[in-house]
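Visitor: Once you've had a glance at the structure underneath, I'll fire off some questions.
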Amino acid sequence: MLCYHVERSDGVRYEDSRYPATHELDSGEGEAAWLNKIGDMLTQQLYPGASGPHPLKAFPQHYHLRVRNRGGDGTRRHDYYLYGYPDSDEDKKKARDPAPKYFRSVVEFYDHFLWLLSDVDMDRKNCSCKLCKAATEAPKEPRGASASAPPKPDHGANPPSAPPGPPGPPGPSGPSPAPAPTAAPRTSKRGGPTAPMARTASTQAATQAAPLTQPDESSLFREGEVVWFRKIQEAFRLGIVIRNQLANPATGTTAKSLIKPLSHYRRPIEDVEKDESDMRPFLTFSVPFILPSLQGIADQPMETVMWDDVEAHLPHDDAMKGEALTLEASKIAATRVDHSYSLFNAIVNTGLPANQQSFGGVFLGCEKLGVFEAVRVVIEQHEHAEWSNPEVTFAMVVKAIILERADQGEHLFLRGDIWLLAEFSGTPQGAVNSEQLPPAMRREKAFRDRVKQAQGSYFEWVPVQINATKPERSIRGRFYESEKLGPMLNPQWGEYVQSGHILPIQRSLNNRFDSRGSYVGRKNSRLDAVAGAVPPGTVLNLGPHVVEWA
């Protein structure tokens with residue numbers, strides 16, 4: 001029988017006098033149940049679908065169970081407590097030794113167990129268990145205190161770089177270790193010192209004032225995103241969202257978006273207003289091939305193309321040339337946007353090296369992303385056994401968006417925690433890891449639990465990597481909730497859900513860079529990204545609190 005074993009431990013052995021008198025040593029019955037449960041949870045994370053018991057061989061060194069027995073015959077109850085967690089610095093300063101801290105359930109201890117397995121530096125700041133969070137978090141400011149600077153992104157160990165992706169987008173120049181608060185400008189790994197990033201005075205002022213806000217995850221389509229919209233029946237065209245109108249249940253108003261169709265600047269098209277039911281995220285459809293005769297201009301900046309000349313030489317009837325070129329130009333525009341990005345809400349972070357800048361959000365390809373939300377990421381073979389399984393859902397909670405300048409150019413990368421959505425048998429034991437997850441991931445779990453409840457199973461987000469770093473080419477795109485997107489992708493979605501089956505929508509989505517085109521890279525603004533595809537003088541509404549960074 002396969003057993004798991006953990007060699008690292010932060011456990012401490014205490015004098016018996018420090019334990020509560022009612023907490024007696026466990027006879028072994030509780031320990032076996034805990035070790036089996038921890039092994040089951042780890043198996044579901046590493047090898048989803050594997051059968052057979054795979055218990056943990058033993059608790060980490062100096063960790064042990066104690067039990068409090070309650071009630072009498074027929075009503076006897078056993079409450080278990082896992083001891084061994086070390087005293088904090090504050091505990092050591094106290095005149096009298098306090099009672100040791102403990103974990104009250106397997107679920108409480110599991111995050112700490114994963115930290116022991118994965119963090120070779122054993123930096124307690126990287127552990128998400130409730131005891132470590134309480135020990136490392138700064139005291140909360142009293143109500144009414146003035147707002148402080150935006151929080152620093154959490155920088156941890158970086159995984160190896162991703163395998164070669166689509167041509168063009170570079171990865172970071174190398175791992176970025178967690179910097180000290182007084183870090184000096186570092187030297188590029190490729191050579192001489194790297195110059196600090198320059199900003200204009202006006203941009204600097206906006207940087208310090210820009211709030212760090214949670215994205216509106218309730219909006220399926222966001223302002224500034226390139227989307228598909230229904231033109232007639234099943235014919236969809238490409239456009240950019242320039243204004244959203246949220247649904248109002250009180251008045252029966254549905255969510256709508258004002259969309260500017262993509263074309264070329266010589267042939268502007270009137271804006272259209274569409275319900276969500278007539279829209280699709282960009283990554284739900286593939287961009288069709290452009291005409292072979294236009295391949296020569298596909299990689300040119302659209303504002304430099306002589307569109308009148310191009311239209312005159314199209315192999316179409318004169319009456320059809322204008323409409324045909326509009327369609328081809330929209331394909332070219334969307335592909336160029338898909339291979340570009342622009343940044344907003346720069347964050348003043350003195351803890352970063354001089355050649356790095358942190359941001360609150362990014363227009364990544366055709367989508368709008370922000371910190372503290374979920375994205376789909378490329379999982380590599382060495383990172384998880386189910387790395388290539390399209391049925392398995394991986395998501396990274398973005399904690400930092402970093403632009404790094406090196407001798408060979410700019411590199412965009414994201415840092416955050418990677419999670420796996422795993423299915424378990426039985427009934428939920430309460431919210432697990434919910435405080436660390438954005439609303440979209442919590443709603444995904446709640447939806448799946450409702451659908452699968454009759455089948456006796458439930459879902460949990462379990463951590464795969466803490467403080468992972470992913471280069472630009474490893475970000476697949478936004479994480480979309482099954483309940484919202486599923487009905488748009490499959491007309492029989494409701495029938496599947498009623499029968500207790502949830503179709504894996506993530507495998508139905510394309511990934512960024514799937515469109516055929518050359519890498520464009522960073523643009524100074526979202527309007528720059530669609531330059532030449534919209535009329536001169538176009539104004540984009542990018543949503544509240546968005547301050548673009550050039």
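Each value in this text was obtained by applying a stated rule to the coordinates, not by laboratory testing. Since the model is a prediction, treat every value here as computed from it, not as a measurement. Backbone-built Cβ (ideal geometry, glycine too); neighbour counts: all protein chains shown.
Visitor: Give the residue list of chymotrypsin sites (Phe, Trp or Tyr not before Pro) in the range 264-356 that are DSSP loop and have at most 12 other beta-carbon atoms within 10 angstrom.
Guide: Filter output for the range 264-356: Phe289.
Visitor: Subtract the Cα-Cα distance of Lys231 and Asp407 from 0.36 nm times their separation in residues, and report this length gain in nm to one decimal.
Guide: Extra length available between Lys231 and Asp407 comes to 58.7 nm.
Visitor: Which shape class applies to the range 450-519: rounded if a/c is under 1.5, otherwise prolate when a/b exceeds b/c and oblate if not, where a ≥ b ≥ c are the square roots of the Cα gyration tensor eigenvalues?
Guide: Oblate, since a/c reaches 1.5 and b/c is not below a/b.
Visitor: I'd like the FRET efficiency for Glu323 and Glu495, computed as 1/(1 + (r/R0)^6) with the beta carbon distance as r and R0 of 35 Å, rounded to 0.05.
Guide: My answer for the efficiency is 0.35.
Visitor: Based on the Cα coordinates of the range 227-271, what is the per residue volume of their convex hull in Å³?
Guide: Looking at the range 227-271, the number lands at 88 Å³ per residue.
Visitor: At a Förster radius of 30 Å, what calculated FRET efficiency corresponds to the Cβ-Cβ distance of Asp123 and Arg70, to the nearest 0.05?
Guide: 0.20
Visitor: Subtracting the Cα-Cα distance from 0.36 nm times the residue separation, let me have the gained length for Asp299 to Glu380 in nm, one decimal.
Guide: Value of the extension gain: 26.1 nm.
Visitor: How high is the relative contact order of the range 439-501, in percent, with contacts defined as C-alpha pairs under 8 Å that are six or more residues apart?
Guide: 46 percent
Visitor: For labels at Ser277 and Leu503 in the simple 7 Å Cα→Cβ model, what's the distance in nm?
Guide: Distance between the two pseudo-spin positions: 1.8 nm.
Visitor: Given charges of +1 on the Cβ of Lys and Arg and -1 on the Cβ of Asp and Glu, with all other atoms neutral, how large is the dipole of the range 387-449 about its Cα centre, in debye to the nearest 20?
Guide: Dipole size: approximately 200 debye.
Visitor: Along the charge dipole of the range 245-391, pointing to its positive end and built from +1/-1 on Cβ of Lys, Arg, Asp and Glu, which listed residue (Ile347, Ile269, Gly252) has its Cα farthest out?
Guide: Ile347
Visitor: I've got another one for you. Can you bin the range 75-136 into rounded, prolate or oblate? Criterion: square roots of the alpha carbon gyration tensor eigenvalues sorted a ≥ b ≥ c, rounded for a/c under 1.5, prolate for a/b above b/c, oblate for the rest.
Guide: Oblate shape, in that a/c is at least 1.5 and b/c is the bigger or equal ratio.
Visitor: I would also like to ask the following. So which lysines can Lys101 reach, going by Cα to Cα under 24 Å and dropping same-chain residues fewer than 8 places off?
Guide: Once the sequence-local lysines are set aside, what remains near Lys101 is Lys37, Lys57, Lys92, Lys93, Lys125, Lys130, Lys133, Lys140.
Visitor: About the Cα centre of the range 447-550, what is the dipole size in debye to 20, counting +1 per Lys and Arg Cβ and -1 per Asp and Glu Cβ, all else neutral?
Guide: 280 debye
Visitor: Can I ask one more? Treat every Asp and Glu Cβ in the range 214-276 as -1 and every Lys and Arg Cβ as +1, leave all other atoms uncharged, and give the resulting dipole magnitude about the Cα centre to the nearest 20 debye.
Guide: It works out to roughly 380 debye.
Visitor: Just grab the label-to-label distance for Lys130 and Gln453, each label 7 Å out from Cα along the Cβ direction, in nm (one decimal).
Guide: A separation of 2.4 nm, rounded to one decimal place.
Visitor: Still on this model: Could you compute the FRET efficiency for Lys484 and Ser105, with r as their C-beta to C-beta distance and R0 at 30 Å, rounded to 0.05?
Guide: Between Lys484 and Ser105 the formula returns 0.40.
Visitor: So which GluC sites (Glu not before Pro) in the range 229-325 end up in coil per DSSP with only 16 or fewer other C-beta atoms within 10 Å?
Guide: Qualifying residues, ordered by number: Glu234, Glu270.
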